Amino acid sequence: MSSHVYPKEKEIFPGLQLEKVDDRIMTLNVGPQHPGSGHMRIILKVDGDYIVHCDPDPGYVHRGEEKMAEYRNYITNIPHLERPVIHDSCNILYPYCLGVEELLGLEVPERAKYLRVIAAELNRCVYTQYWLAIYGIFLGHSTMFMWPMGDRELVIDLLDKMTGARVTHAYFVPGGVRNDLPPNFEDVCLRQVNYFEKRLKEYADIFYDNPILISRTKDTGILSREDAIKLGTTGSVLRASGVDFDIRKKEPYDVYEELDFQTNVLKEGDSYARSKIPWLDMFESCRIIRDALKKMPKSGSVRVKLKPNPKGGDTEVYRRVESGRGSLGMHIISRGKPQPYRLKISVGSFRNLIAMPHLLTGEMLGNMPAVYWSLNYWPVEADR
Amino acid sequence: MGTASGIIKALNSGIKHIATKRFTFRYPEQKLKFVGDGYQYDPDSGVGIAGYKGRHILFHDKCTGCQLCAIACEDIAEAIAMVKVPEQWKHNKKAIMPQIDYGKCVFCGLCVDACPFYALYMTNDYELSSFTKEALIYTPAQLQVKPKVDQDVEIQIDEKGANHG
């Protein structure tokens, strides 16, 4: 009797089938309210302590950003487009601004390009620190929740001085940035970034070299190089599997080709490597910020004046940048109107989620948080 | 590295911080200092002036009631409505000025960028909580008031670590 499944129900809730399963197998919903899942649900089938099937179910925080963009002009799109990742709002606006500039034929001033790079790298640090704090607390390491959250304040303070808001800065606009730096910002920035880097080095002792963390994350959820490429993962997940791919290096935008930095690649492809890559990337971000402050033109315009309601031509553009979670692209189609005809956001989070069923099947249930959060996944961004 | 020595190293790394001054500060008594008097915009050069994006300030002697701020906000938060003001101004024949609903405002500052008459700026005031939704709607008379802010705490970094003084 219990093997009967109503067809309608099966169509609507594919994860909630009332099927008669073997007594050994239990279906377990992680989320959407559980804090360990974020704003999403992971439907797990467990055999004892082992996960035999995993079905991630995103979509709980879908906001229709892409549709909303079709009713707003190129400037009023800015505040709502940064909402999916409020901690990384500069990086999510970056491809949009690059695309619209190409569409409208704007030439960005040199100083604005450097300011954008500085803001984007600071934002990457803010996002990564937040992610690292969550990763720490879900592995039961509460000091690793407090430290990144506290040190994140150093970077937020800089962004606050620069853009006027702690998160959701609305700093990038097509044609440059909203405002120039406040006086004495360079000195404060250098001092705080240097101290931030010093603090990052301390994370090694308490977290990354900690034998308890290593025993929990080493050799769990191994993603091989071939699988990482086949599944289309991006960002830190891809680099942790031994693929040297960073859009800042491969398709440099703005002034990244003039700046001195390297990409970090690890070969292991396990949760430990995936959790280490964003931390190593933060050192590179500090390096980029210092280099950009040095090479930046000392004065000059930071914003091109735009006409009210600028119209794009009858074309389409696609631009992508390296965000905190990997490649983030925006495809803008223009039909000669002040509003975009269509805006497609391609996010790194969603691409990395595809790897999750592959990684969790066959893992112990206790390793689920270690594998899940190592994917650098941000549910709100994936749902858009 | 052995397991035991690794754990001792990790513990030691945390214990070192017992002796250092705390990084956080006591919020209602101490408040973080921001740069400048708030976000401002210069319509001549088309570039903003760095500052915190908090509550707005409206200069009644400059506002012409042109509604450009309300139009800018229309597609963003719909927080600005133009309302009648009792005073008559030579430059504001219609006697209308913006009224801002802080229950809707997202503090993006694009209304400030839209104002061509230096009439609308933002301030360092961010403590806007209230018991009712109606109290979040600021009339032109309320927006005119310069906020009293007592913010003086800054991040200080010395060889021992960072703190807020």
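Every number in this text was worked out from the coordinates using simple rules, so none of it is lab data. These numbers were taken from a predicted model, which means no experiment stands behind them. Heads up, the Cβs are rebuilt from the backbone with ideal geometry, glycines too, and the neighbour counts pull from every protein chain shown.
Taking Lys and Arg as +1 and Asp and Glu as -1, the other residues whose beta-carbon sits under 13 Å from that of A:T217 total -1.
For the options A:D209, A:D270, A:D151, a Gaussian network treatment of chain A with springs between C-alpha atoms closer than 10 Å singles out A:D209 as fluctuating the most.
In what order do A:T315, A:T168 fall by count of nearby beta-carbon atoms within 10 Å, going from fewest to most?
Arranged by neighbour count, lowest to highest, A:T315, A:T168 become A:T315, A:T168.
Subtracting the Cα-Cα distance from 0.36 nm times the residue separation, let me have the gained length for B:V145 to B:K84 in nm, one decimal. The partial results should precede the final answer.
Details: separation 61, 0.36 × 61 = 21.96 nm, distance 1.77 nm.
Stretched out fully, the B:V145 to B:K84 stretch lengthens by 20.2 nm.
Across the protein assembly as shown, the convex hull enclosing all Cα atoms gives 182 Å³ per residue. Here the spin labels are modelled as points 7 Å beyond Cα on the Cα-Cβ line, and at A:I25 and B:I71 they lie 6.2 nm apart.
Using only the Cα atoms of segment A:168-280, build the gyration tensor, take square roots of its eigenvalues as a ≥ b ≥ c, and label the shape rounded, prolate or oblate: rounded if a/c is under 1.5, else prolate if a/b is larger than b/c, else oblate. Verdict is oblate for segment A:168-280. Taking 7 Å steps out from each Cα toward its Cβ at A:N309 and A:H358 produces label points 4.8 nm apart. Values of log10 I(q)/I(0) for chain B across q = 0.14, 0.17 Å⁻¹ run -0.78, -1.02, by the Debye formula with one identical scatterer at each alpha carbon and no solvent.
What is the calculated FRET efficiency for B:L11 to A:R63, with r their C-beta to C-beta distance and R₀ = 51 Å, to the nearest 0.05?
On the way: r = 44 Å, r/R0 = 0.86.
Taking R0 as 51 Å, the efficiency between B:L11 and A:R63 is 0.70.
In segment A:86-351 the Cα-Cα distances spread across 10 Å bins starting at 0 as 7, 29, 35, 21, 8, 1 percent of all pairs.
With contacts defined as alpha carbon pairs under 8 Å and 6 or more residues apart, what's the relative contact order of segment B:36-144 in percent? The partial results should precede the final answer.
Numbers: 217 pairs, mean separation 40.4, N = 109.
It rounds to 37 percent for segment B:36-144.
Taking the C-alpha atoms only, the angle from helix A:143-163 to the longest principal axis of chain A is near 30 degrees. Quick one: compute the contact order of chain A, relative version, from alpha carbon pairs under 8 angstrom and 6+ residues apart, as a percent. About 25 percent, as a whole number.
Taking other Cβ atoms within 10 Å as a rough exposure proxy, B:Y126, A:Y71, A:Y130, A:Y114 sort from fewest to most as A:Y71, B:Y126, A:Y130, A:Y114.
Could you list A:S285, A:S346 in order of exposure, starting from the residue whose Cβ has the fewest other Cβ atoms within 10 Å? Can you show the working numbers first?
Numbers: A:S285 25, A:S346 16.
Exposure proxy ranking, most exposed first: A:S346, A:S285.
When you filter the GluC sites (Glu not before Pro) in segment B:78-165 for DSSP loop state and at most 11 other Cβ atoms inside 10 Å of their Cβ, you are left with B:E87, B:E127, B:E159.
Once you've got the Cα coordinates, tell me which of A:K45/B:K9; B:K84/B:K104; A:K161/A:K305; A:K249/A:K276 are over 27 Å apart.
Values: A:K45/B:K9 39 Å; B:K84/B:K104 21 Å; A:K161/A:K305 23 Å; A:K249/A:K276 20 Å.
Pairs exceeding the cut-off: A:K45/B:K9.
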